[in-house]
Amino acid sequence: MSTQSNNNKRIAKNTILLYFRMIFMMAVQLYTSRVVLNTLGVEDYGIYNVVGGVVAMFSFLNNAMTASTQRYITFELGKGNANRLKQIFSTSVNIHVLISILVVILGETIGLWFLNHKLVIPEERMTAAFIVYQASILTTVFAIMSYPFNADIVAHEKMSAFAYISILEASLKLAVVFLLVLGNFDKLILYAYLIVAVQLCICLCYILYCRCNFSESRYHFYFDKPLFKEMLNFAGWNLWGNLAAILMTQGVNLLLNMFFGPAVNAARAVSVQVQSAINQFSSNFQMALNPQITKTYASGKLGEMHKLIYRSSKFTFFMLFTLCLPVFFEAPLILKIWLKIVPDYTVIFLRFMILILLIDSTANPLMVSASATGKVKVYQSVIGGMLLLILPFSYIALKLGGQPWIVFAVHLSICIIAFITRLFIIRPLIDLNLRDFVKQVIFRCSFVAVVSLIVPAIVYILLDDNYLCFISVVCVSILSSSIMSFYLGLDAHERYVVMQKIQTYSNKFKRSKV
């Protein structure tokens, strides 16, 4: 009981720290996006995102290995094997060095050819695009080398360090925005160089913190062929899933450029910024829970693991839905207030991406549980194969004359099918009761969503399109979704826990006032 209580306290503390980080980063992210868009202009903003997307195409190699590193470090922490932990960390650094070299090779060959021969970029901006491309490769390499240290921090659940370094990163990017408006330099090139400097600084921060706090992060050259193969084998199946993920994001981004030019890439980039800001709420909450899901599996506590999965999925949906509902209704006015320039198609892109975010975030605990088992072959091959279909189906839809938003409609449809498929794959791996998951998560989330929509939809339809309507819809949406989530989405025990937390924070606040 005491262990469970300590775990709950640690999760609560980590969640609070991550939410402070999230609020700051979200504010900075939204502000900097607006300034960068207006400073660079729609075309250059689109060029930066699509050129960076070419380099990001190769990051699926690293994403797969990052998942492997975090899983193995977290698993060994759960078992308490310090010597094995050192071996895993050093092996992961070796692998990330190899990935960095491979990314550079691919970037300077295939990627460079794609930049010069396939992307739609105005001739007069090709030199700037080339410089941005080289800067993006450097940025990616620095990011890759920081991931083993990042994974070590998260596995140790040192969320305060993770939060502070993230806040520093956001602050540096804010400084970049202020530097961007100074001088008569080419703004696009200057922005690319400054982002490289920020990424290098953050990489060094992760390395220094880990070296000072975790003994296993003091790198020593170590090569254990069986361990090397084991981690690569785990990453190999994650590789397939991450290839699918990168193709359905950056691949689709490149498709939009080839069919419609950089202006549409700018619209996608803006909608991604809003989606990412909203997603901070769920990712912070889940980041605090994910290590616990892996550790409960490592210690054989499957019942406790199942409860964590249900609560993580359900609470994630309720938090996101409360935020997304007013944004979905009032996207045109929100974008108009936020940006001076709203690229065409941004509103419809954003609405589709909100729906995709709700589905994927709710499914994330299932992905974490699959990773915890280490048996990812079937999961990654099937789900990755399904998600890979997004790119060819999107290409066919565009080739047949579809509008830019059709790629997001394809994405949403396949995400729904993939969510259902995940359940059947995960069930035998962790002995998951599908009926309980449907009852506790899918049914409750769907019921809350439908009931919460009624009153805001009526207000939105009846009131004129003005600021009074905007304020009314936002307030009613948040109130409706919050009340319905609490009374219809949570069970009696969960409502009691939430009320206890609110009472605890209320008492602390009252004491601080006195």
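The values are calculated or read from the model by the stated rules, or taken from the named source; none is laboratory data. Bear in mind that the values here come from a model prediction, so they are computed numbers and not experimental data. All Cβ positions, even for glycine, are placed from backbone atoms using ideal geometry, and neighbour counts span all protein chains on display. Each accessible area value is taken on the protein alone, full model and side chains, heavy atoms only, with ligands, DNA and RNA left out. Shrake-Rupley method; radii C 1.70, N 1.55, O 1.52, S 1.80 Å.
What pairs come up if the first residue lies in the stretch 218-232 and is assigned to a loop (DSSP other than H, G, I, E, B), the second is open to solvent by less than 100 Å² (accessible area, probe 1.4 Å) and of a type in the set (F, W, Y), and their beta carbons are under 8 Å apart, counting only those six or more places apart or on different chains?
Once the first residue is assigned to a loop (DSSP other than H, G, I, E, B) and sits in the stretch 218-232, its partners that are open to solvent by less than 100 Å² (accessible area, probe 1.4 Å) and of a type in the set (F, W, Y) give Y219/F89.
Within the stretch 429-466, track down each residue that is more than 29 Å from A331 (Cα to Cα) and open to solvent by 90 Å² or more (accessible area, probe 1.4 Å). Quick ask: steps written out before the conclusion?
Of the stretch 429-466, the ones more than 29 Å from A331 (Cα to Cα) are 429-440.
Across the stretch 429-466, the qualifying residues are D431, R435, K439.
Those residues that are closer than 22 Å to K301 by Cα and open to solvent by 80 Å² or more (accessible area, probe 1.4 Å), I need them from the stretch 386-428; list them, please. Give the steps one after another, and end with the answer.
Initial filter on the stretch 386-428 (closer than 22 Å to K301 by Cα): 422-428.
Listed by number, the residues that qualify are F424, R427, P428.
Among (1) modelled with pLDDT of 90 or more; (2) open to solvent by 50 Å² or more (accessible area, probe 1.4 Å), where does V198 come up short?
Of the numbered conditions (1) modelled with pLDDT of 90 or more; (2) open to solvent by 50 Å² or more (accessible area, probe 1.4 Å), the odd one out for V198 is (2).
Specify which of the listed residues (A263, A235) is open to solvent by less than 20 Å² (accessible area, probe 1.4 Å) and modelled with pLDDT under 85.
Working: A263 fails: open to solvent by less than 20 Å² (accessible area, probe 1.4 Å).
Answer to the check: A235.
In the stretch 306-326, how many are among the β-branched types (V, I, T) and open to solvent by 10 Å² or more (accessible area, probe 1.4 Å)?
Kept after step one, since they are among the β-branched types (V, I, T), are these residues of the stretch 306-326: 309, 316, 322.
Keeping just the survivors that are open to solvent by 10 Å² or more (accessible area, probe 1.4 Å) gives 322.
The qualifying residues number 1.
Any residue in the stretch 367-379 that is farther than 18 Å from A418 by Cβ sitting within a Cβ distance under 8 Å of a residue that is open to solvent by 10 Å² or more (accessible area, probe 1.4 Å) and charged (D, E, K, R)? List the pairs, counting only those 6 or more apart or interchain.
Partner pairs satisfying both residue conditions: A372/R71; G374/R71.
Please find, within the stretch 209-225, the residue that is surrounded by the fewest Cβ atoms within 10 Å (Cβ to Cβ) out of those that are over 25 Å from L168 (Cα atoms) and not charged (D, E, K, R).
Of all residues in the stretch 209-225, those over 25 Å from L168 (Cα atoms) come to 220-225.
Still in the list and also not charged (D, E, K, R): 220-223.
Values: H220: 10, F221: 7, Y222: 15, F223: 10.
If we take residues in the stretch 209-225 being over 25 Å from L168 (Cα atoms) and not charged (D, E, K, R), then F221 is surrounded by the fewest Cβ atoms within 10 Å (Cβ to Cβ).
For the stretch 287-388, which helices (runs of 4 or more DSSP H) that fit wholly inside it have 2 or more residues that are polar (S, T, N, Q) and modelled with pLDDT of 85 or more?
Where helices (runs of 4 or more DSSP H) fall fully within the stretch 287-388 and carry at least 2 residues being polar (S, T, N, Q) and modelled with pLDDT of 85 or more, they are 302-329, 346-373.
Test L208 against the criterion of being assigned to a helix (DSSP H, G or I), in contact with a helix residue (DSSP H, G or I) (Cβ under 7 Å, 6 or more places away or on another chain) and modelled with pLDDT of 85 or more, and give yes or no. Lay out the reasoning, then the answer.
On the way: assigned to a helix (DSSP H, G or I): yes; in contact with a helix residue (DSSP H, G or I) (Cβ under 7 Å, 6 or more places away or on another chain): no; modelled with pLDDT of 85 or more: yes.
In short, no.
Out of (1) among the charged types (D, E, K, R); (2) modelled with pLDDT of 90 or more; (3) farther than 23 Å from F315 by Cα, what's the single condition that is false for R444?
Checking R444 against (1) among the charged types (D, E, K, R); (2) modelled with pLDDT of 90 or more; (3) farther than 23 Å from F315 by Cα, the one that fails is (3).
Pick out, from the stretch 80-193, the helices (runs of 4 or more DSSP H) lying fully within it that include 3 or more residues that are buried (at least 21 other Cβ atoms within 10 Å of the Cβ) and either of a type in the set (F, W, Y) or out of contact with any helix residue (DSSP H, G or I) (no Cβ under 7 Å at 6 or more places or on another chain) (or both).
Of the helices (runs of 4 or more DSSP H) lying wholly inside the stretch 80-193, those with at least 3 residues that are buried (at least 21 other Cβ atoms within 10 Å of the Cβ) and either of a type in the set (F, W, Y) or out of contact with any helix residue (DSSP H, G or I) (no Cβ under 7 Å at 6 or more places or on another chain) (or both) span 126-155.
One residue is enough: does the stretch 24-43 have a residue meeting the conditions in a helix (DSSP H, G or I), modelled with pLDDT under 70 and open to solvent by less than 30 Å² (accessible area, probe 1.4 Å)?
no
Given the structure, is L190 closer than 20 Å to L98 by Cα and of a type outside the set (D, E, K, R)? Before the answer, list the steps.
Working: closer than 20 Å to L98 by Cα: no; of a type outside the set (D, E, K, R): yes.
For L190, the condition - closer than 20 Å to L98 by Cα and of a type outside the set (D, E, K, R) - is not met.
Picking from L302, L323, L308, L355, which residue would you name as being more than 30 Å from E76 (Cβ to Cβ) and more than 15 Å from the chain's Cα centre (by Cα)?
Details: L302 fails: more than 30 Å from E76 (Cβ to Cβ); L308 fails: more than 30 Å from E76 (Cβ to Cβ); L355 fails: more than 15 Å from the chain's Cα centre (by Cα).
The unique qualifying residue is L323.
Could you tell me whether any residue of the stretch 374-386 is farther than 30 Å from A266 by Cα and touching a Leu at 6+ places or on another chain (Cβ under 7 Å)?
So in the stretch 374-386, the residues farther than 30 Å from A266 by Cα come out as 374-382.
Of the ones still in play, those that are also touching a Leu at 6+ places or on another chain (Cβ under 7 Å) are 375.
Checked against the condition, which is being farther than 30 Å from A266 by Cα and touching a Leu at 6+ places or on another chain (Cβ under 7 Å), the stretch 374-386 yields at least one hit.
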